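Inspection log for the structure reproduced underneath, given as structure tokens.
The values are calculated or read from the model by the stated rules, or taken from the named source; none is laboratory data. Just so it is clear, the model here is predicted, and its values are computed rather than measured. Neighbour counts run over all protein chains shown; Cβ positions are idealised from the backbone, glycine included.
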Amino acid sequence: MKGVLFKAGVVALVACSMASQGCLVPWSKYIKLKRKYEESVSELERKDRQIADANTRIDQLRDQLKAKDQIVTLYDNAKEEAKAAALRTQEQLAKLQARLDEIARTHGPDVEVIDGALVIKDQLLFPLGSADVSDKGKQLIADIAAKFKGTGEIIQVDGHTDNVPVKKAETVARFGDNWGLSAMRAAAVVRLLAQSGITEKRIYLRGFGMQKPRVENTTPETRSKNRRVEVMFLPPQMLAPNPEETK
């Protein structure tokens, strides 16, 4: 619009000059005025393009600022959700620790809480060289099941032995070696947990034999610490979904 107004003004100026001089304006002067007019129009068009480019850039910056504000909002929301999740996790861990401490206090020195897991000496659970759970062991497992029946955690049972190989003929015939003994002991605990009301899909077992000792197998006392069952409690989201349940 500015360019059009300027153009009209220049035409009027030329017309007035020609009228005042009886249309005797020299041709060279007319050409200069025409060139000046064209240069002015070109300059105005360039300015208009610059203004349009600047407006486009401003719009882009506004879009970027809007996107930045959205990102900041998403970040703030995610931060608050993370804080809430961390608080929930702390509360769950505190409740878990309280249950484990109570179990350890109830069942004596052969049960310890180490790194959020129950570490149970084999002498409480099994006779020597056996995978048959003792009466005290059954009471302990029933107590574990009662405290975790409705909580949802995954329960992982790990069997461990010392480094002394099984020797008795009947023990070798039943378990084969320390691998078999540790696995069968873990399986016996898992079976009783299931019979006591823990949903089977929440329970897993592993047998490590002598491969993960707590301490060096150098004395009868240290070997007794390595003969153990560890019961760990993992968050429910670690449970792999059953394909049949997702159909």
Checklist line | Among (1) in contact with a Gly (Cβ under 7 Å, 6 or more places away or on another chain); (2) in contact (Cβ under 8 Å) with a residue 60 or more places away in the chain, the one test that Gly207 misses | finding: (2)
Margin query: On the basis of being among the β-branched types (Val, Ile, Thr), closer than 21 Å to Arg214 by Cβ and not assigned by TED's automatic domain parsing to the domain that holds Phe208, does Ile144 make the cut?
Written below: no
Next item on the list: Read through the list (1) touching a residue at least 40 places away in the same chain (Cβ under 8 Å); (2) buried (at least 18 other Cβ atoms within 10 Å of the Cβ); (3) over 33 Å from the mean Cα position of the chain (by Cα), then give the number of the only condition that Val164 fails.
Entry: (2)
Margin query: Exactly one condition in (1) outside any helix (DSSP H, G or I); (2) touching a Ser or Thr at 6+ places or on another chain (Cβ under 8 Å) is false for Leu124; which is it?
Written below: (1)
Notebook entry, point to check: Tell me, which residue of the range 136-147 that is under 18 Å from Ala188 (Cα atoms) and not aliphatic (A, V, I, L, M) is surrounded by the most Cβ atoms within 10 Å (Cβ to Cβ)?
Noted result: Gly137
Next item on the list: Could you please let me know if Val133 is part of a helix (DSSP H, G or I), at pLDDT 95 or above, touching a Leu at 6+ places or on another chain (Cβ under 9 Å) and surrounded by 15 or more Cβ atoms within 10 Å (Cβ to Cβ)?
Entry: no
Notebook entry, point to check: Are any residues in the range 138-188 farther than 26 Å from Glu91 by Cβ and part of a strand (DSSP E or B), and if so, which ones?
Noted result: Asp158, Gly159, His160
